[in-house]
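To start, the structure under review is shown below, and the notes come after it.
The values are calculated or read from the model by the stated rules, or taken from the named source; none is laboratory data. On a predicted model such as this, the values are computed, not experimentally measured, just so you know. FYI the Cβ positions are ideal-geometry reconstructions off the backbone, even for glycines, and counts take in every protein chain you see. In case anyone asks, the SASA skips ligands and DNA or RNA and just uses the protein heavy atoms, side chains included. Shrake-Rupley method; radii C 1.70, N 1.55, O 1.52, S 1.80 Å.
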Amino acid sequence: MMKRLILASLSALLMTGPAFASGERQAILDQFSTQAKQQDPAFKGFSAEKGQTMFMGKHAGGKPETSSCTTCHTQDPKGSGQTKAGKEIKPMAISRNPARYTDPAEVEKWFGRNCNQVLGRDCTASEKGDFITFMIGQ
Amino acid sequence: MTNKPIHVWDIEIRVFHWLLLASVAGAWLIIQVGPPAWLGLHEALGFAVGALLVFRFFWGLFGSEHMRFGGFVRGPGPMLAHLKSLFSGKPLRFVGHNPVGGAMIVALLLVLLGVCLSGIATMGGFDKAGPLAPFLTFAQGRQAKEIHETLTNLLLVLAGLHVAGVLLESVLLKESLIGSMIHGKKEPHAEALGAAGAPKTPRSAVAVILSSLIVAGLGLTMLNLSLQPALGVPALGIPPLYVKECGSCHTAHHPSLLPSSSWKLIMADLGDHFGDDASLPQDKAREIGDWLVKGADLGWDSKAGQRIPASLKTEEPLRITKSAFWERRHRKIPENVFKTKLVGGKANCQACHVDAVRGGFKRGGIAIPEEIN
């Protein structure tokens, strides 16, 4: 009886684990969506394509030695990247790293740092949402 | 006159002799050519030499006649007489150790004892490990290391003289002394001088029991002391917040590696952190900054804690990896090793030092990761 209960709750946990993660990620996206609507009334929704362009593209305005997100995260979102100090960065793609974009404080902290590093400014809410949407598809 | 060879060196002393040679040579070679992580093996061999010395001491009291100190330790008179006989062309012949050889045995054993003791003191103060770690400061450990190295050089000289003496006597007396240390026998000679006064039969049981008791007792005491906290190395827990926030781009550097003044400077400008934006929300930055400053001010008597903050470059007060000590210790590592994917950079101490986050940097935990192709 006990065993079956434990088994049942375990499998329930296993099944809801990823669901939890995607729920938290959705909450973050919803927040960005609300902000985006405030920043731009014409906002329609996030675009994975725009997210890809931002991720792959070269930018001016930030530090010259880190002119692109791919400088650290590499061209392949499914692969591991490397910090400037040389430490491994786990993949950014959800398919490889389901824990990504689930902690609002982490997400804010790294967008804050990395957008400043690469673009020399904060990213807009729609840019952040586009980026995560792109990574969800990866 | 019968030509039956006589037994001079008993099995105990022969096994002792060759084990001692192997342990000392092995310990010396490991330091000369072995990787840093083999320091533990060097130390183990050192303790083995110590145990052998304890046995030799009791064998000198209770062993068979030519092994007893009473049988071969002689005064300057017999030593001079023996030396004179060498130059006179009619060298005196002895069954066991000759008087000069006997003095050399005593010198070798005493210097070896000094090497072992200074080695344990080096281990304790310099590497903060072993039975003396709870008692010795880093500065004392460095002095012990000087003594350890000087005595080792003296040992090498004595060992050279010992071998030269053995070869010389073998030639002069036309007998293979090295051979007799292997099979234990010598040709009988009527004129050979014996070990006057020493009893012929060994009291093996007494020697074995006493030396086992002493070795076991010392071993347990030392083991027990080794488990005590080392002097001047505070037990500082590393908060998960610190590892998370300061360990995401490189190894979370231990507070002992920089003075609190440097940590304050680092925490004051995370927005431009060595060219990276490492900014943190204010509350987290304050919490981490306070912890770093408090940790650094605890005072660290470890090798890294003593040598790195004290040797920072004045123009690079935030750079652990630009300190004179760090540069010297890593000068043999080619630049491209730091650029491999598994290492990544100089700041990734953890790639090569398993205990980097705890601030240990013990030699036993050093290994440069290599790509497996």
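Things worth noting here:
- Of all residue pairs spaced 6 or more apart or on separate chains, those with beta-carbon atoms under 9 Å, a first member in region B:264-281 that is away from chain A (no Cβ under 13 Å) and open to solvent by 30 Å² or more (accessible area, probe 1.4 Å) and a second member that is part of a helix (DSSP H, G or I) and of a type in the set (Lys, Arg) are B:MET267/B:ARG286.
- Of the criteria (1) without any contact (Cβ under 8 Å) to a residue 40 or more places away in the chain; (2) within 13 Å of chain A (Cβ to nearest Cβ), which one B:GLY289 fails: (2)
- For the criterion of being under 20 Å from B:ASP272 (Cβ atoms) and in the same structural domain as B:ILE266 (by TED's automatic domain parsing), B:GLU315 passes.
- Only listed residue being touching a helix residue (DSSP H, G or I) at 6+ places or on another chain (Cβ under 6 Å) and not acidic (Asp, Glu), chosen from B:LEU298, B:LEU292, B:LEU241: B:LEU292
- Residues in region B:318-340 that are more than 14 Å from chain A (Cβ to nearest Cβ) and open to solvent by 50 Å² or more (accessible area, probe 1.4 Å) were compared, and the one that is nearest to the chain's Cα centre (by Cα) is B:ARG329.
- Any hit, region B:344-360, residues being more than 23 Å from B:SER260 (Cβ to Cβ), away from chain A (no Cβ under 14 Å), modelled with pLDDT of 95 or more and not in a helix (DSSP H, G or I): yes
- Boolean, B:VAL24 is open to solvent by less than 50 Å² (accessible area, probe 1.4 Å) and either touching a strand residue (DSSP E or B) at 6+ places or on another chain (Cβ under 9 Å) or not assigned by TED's automatic domain parsing to the domain that holds B:GLN143 (or both): no
- Output for region B:247-263, where each listed residue is more than 10 Å from every other protein chain (Cβ to nearest Cβ) and either in contact with a His (Cβ under 7 Å, 6 or more places away or on another chain) or small (Gly, Ala, Ser) (or both): B:ALA252, B:SER256, B:SER260, B:SER261, B:SER262
- The residues in region B:241-263 that are over 25 Å from B:LYS341 (Cα atoms), small (Gly, Ala, Ser) and either open to solvent by 30 Å² or more (accessible area, probe 1.4 Å) or part of a loop (DSSP other than H, G, I, E, B) (or both) can be counted, and the count is 1.
- Restricted to region A:57-67, and to residues there that are in a loop (DSSP other than H, G, I, E, B) and open to solvent by 30 Å² or more (accessible area, probe 1.4 Å), the residue that is farthest from the other protein chains (Cβ to nearest Cβ) is A:LYS58.
- Among all positions in region A:109-121, there is no residue which is open to solvent by 80 Å² or more (accessible area, probe 1.4 Å) and without any contact (Cβ under 8 Å) to a residue 60 or more places away in the chain.
- Region A:68-102 - residue that is surrounded by 15 or more Cβ atoms within 10 Å (Cβ to Cβ) and not in a loop (DSSP other than H, G, I, E, B) and, of those, nearest to the other protein chains (Cβ to nearest Cβ): A:GLN82
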